[in-house]
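Below is one structure, written out as structure tokens, with a few remarks after it.
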Amino acid sequence: MIRKREHFGSRFAVIAAMAGSAVGLGNIWRFPFILGEYGGAAFILVYIAACVVLALPIFYAESIIGRAARTDTFGAMSKLAPGTPWRWAGLLTVVSPLLILCYYSVVGGWSVEYLFKSLSFSFTDIPAEEVPHFFGRFISSPWQPVFTHTAFMAAVAFIVLGGVNKGIEKFSKLAMPALFVLILVIVGYSLTLPGAMKGVEYLVKPDFSRLTADAYAAALGQAFFSLSLGVGTILTYSSYVKKEENLLVSGVGTAVSDLLFAIIAAFAVIPAVFASGLHPGAGPGLVFETLPYIFNKMGEGVPVLTTLVSSIFFVAILAAALTSAISMLEVGVAFLTDERGMKRRTATLLLAFLCWVVGVLCSLSFGSLSEVKFLGLSIFDFLDHLCSDWLLPLGGLIFTTFVGWKMSKASVREEFTNGGTVNTRLFGVIYFLMRYVAPVGILVVFATNLLL
Ligand code: TRP
């Protein structure tokens, strides 16, 4: 069957769509707390290096496969390497986003709760110092977080059931710039809090003694998570990119916007962490503990201001989280409907239910199941590290090996240079990164992680 494939209309559209998938809870929720756990400024440097040397080549590998094959991950592998086991690698890319969705939805649920708390003036009636304590009580309670996780997952399933409608797309196009502007305002405010400069120092003065061996795996994992790499999201998006488009430029554009968003979020959160006397290594709750604190301080005496700013903020976060979560479920649904012939409705409900069950366990791991540990980690942390530090890089390894060792150099060059018209000088460097540096780098990080 020959189907006319849609294309992104312009370079801006390509970058906006890819950055839209990349920017999410990974930047605002995950980056600040991972950075706080692994040592501030020194971690940022390792992170940037991981992005340039390991993540970008994988971004290009996915782009090249996607645009060359013009189809989804599973199909692309079968088309470019027919009759080989490569297509099974595509299967991994179906499983990992579903596993991410399990706990992503729990965090999405936290945003739902915080939106309701904002709207009901819960952050304004009490002294700012009390605000961070909300979080610990909330996540360790048995019902509330499970309830909000259920609400979030139901919303994701509902949207996927109906197909991604125009509403949510339009809505996130409004919400994302709003989130960006708001976060800049928050940075401005955060920097003026007494004690904030200690946080700035933490972010700009590298202290390499704080970097532990697993910081490298964490940096790599964060780069993958934040850029949506290793699961075929970028591959699939690239299949909609026009042949004339410059892949080098769209990759750099996406990576730079994603990095900017993450660093700005860190400057919003970390100075406030120091100002409020919290510890930067406090873990997944960091953002939820500090931002409401800032909102409370900002609106001191003017509760309406606090309510307004924090509500807009959590609506925007929720929008960013929803658009990412939908894409995670959609990958599995597309697989079950296209490859297994399942009805869209059955596939959506089945997968959402399975992810919901695992998500409930993740949610309870902050309270009644906190004693259950895998390799010393709670269920939530275990799943997060399993996906980010192992499954996504493994996906990346597969994609770069495919481009570097399975596809012919001529066809890779043809795709990346648009038939020899652009980026011809840089091709050698990028090819070297894809063929040797990225796979070896990922293997080295895997090995260090296993041995230390
Ligand atoms: N990158 C998104 C974020 O930062 C999350 C995300 C969306 C994702 N799609 C993905 C992560 C695919 C890994 C794989 O929140």
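Rolling a 1.4 angstrom probe over the protein heavy atoms, how many square angstrom per residue are accessible across the chain?
Per-residue value: 41 Å².
Under 5 Å between amide hydrogens, which residues at least 5 positions from Ser122 or on another chain qualify, with H placed 1.01 Å from N in the peptide plane?
Hits under the 5 Å cutoff: none.
Translational D (Stokes-Einstein, µm²/s) of segment 279-324 at 37 °C and 0.692 mPa s when Rh comes from the Kirkwood sum over C-alpha pairs? Don't skip to the end; give the middle numbers.
Values: Rh = 11.6 Å.
Answer, rounded: 284 µm²/s.
Give me the tail of P(r) for the chain as a percent: Cα-Cα pairs with distance above 28 Å.
49
Provide the gained length on full extension for the span Ser370 to Val53, in nm with one decimal, where the gain is 0.36 nm per separating residue minus the Cα-Cα distance. Write down the numbers at each step before the final one.
Working: separation 317, 0.36 × 317 = 114.12 nm, distance 3.71 nm.
That pair, Ser370 and Val53, stretches by 110.4 nm at full extension.
Return the FRET efficiency for the residue pair Leu443, Leu119: r is the Cβ-Cβ distance, R0 is 56 Å, and the value is rounded to the nearest 0.05.
About 0.70, to the nearest 0.05.
Expressed in nm to one decimal, what extension gain is obtained for the pair His133 and Lys173 from 0.36 nm per residue of sequence separation less their Cα-Cα distance? Before the final figure, lay out the partial values.
Working: separation 40, 0.36 × 40 = 14.40 nm, distance 3.31 nm.
Computed gain between His133 and Lys173 is 11.1 nm.
First measure r as the distance between the Cβ atoms of Ser209 and Lys343, then evaluate 1/(1 + (r/R0)^6) with R0 = 45 Å and state the FRET efficiency to the nearest 0.05.
Here the calculated transfer efficiency is 0.20.
Treating each Cα of segment 1-66 as an identical point scatterer and ignoring solvent, apply the Debye formula and state log10 I(q)/I(0) at q = 0.24, 0.27 Å⁻¹.
Listed by q, the Debye log ratios stand at -1.16, -1.21.
So what's the gap between the Cα centers of segment 17-69 and segment 310-324, to the nearest angstrom?
20
Past 24 Å, Cα to Cα: identify those pairs from Lys173/Lys198; Lys79/Lys409; Lys243/Lys343; Lys205/Lys297; Lys173/Lys205, in the order given.
Lys173/Lys198; Lys243/Lys343; Lys205/Lys297; Lys173/Lys205
Please state, to two decimals, what the Cα-based radius of gyration of segment 164-307 comes to when divided by 2.2 N^0.38 Å (N = residues).
Its radius of gyration relative to the 2.2 N^0.38 Å reference: 1.26.
The values are calculated or read from the model by the stated rules, or taken from the named source; none is laboratory data. What you see is a predicted model; the values in this text were computed from it and never measured. Using ideal geometry, Cβ is built from the backbone for each residue, glycine included, and neighbour counts are taken over all protein chains shown. These area figures cover heavy atoms from the full protein model, side chains too; ligands, DNA and RNA do not enter into them. Shrake-Rupley method; radii C 1.70, N 1.55, O 1.52, S 1.80 Å.
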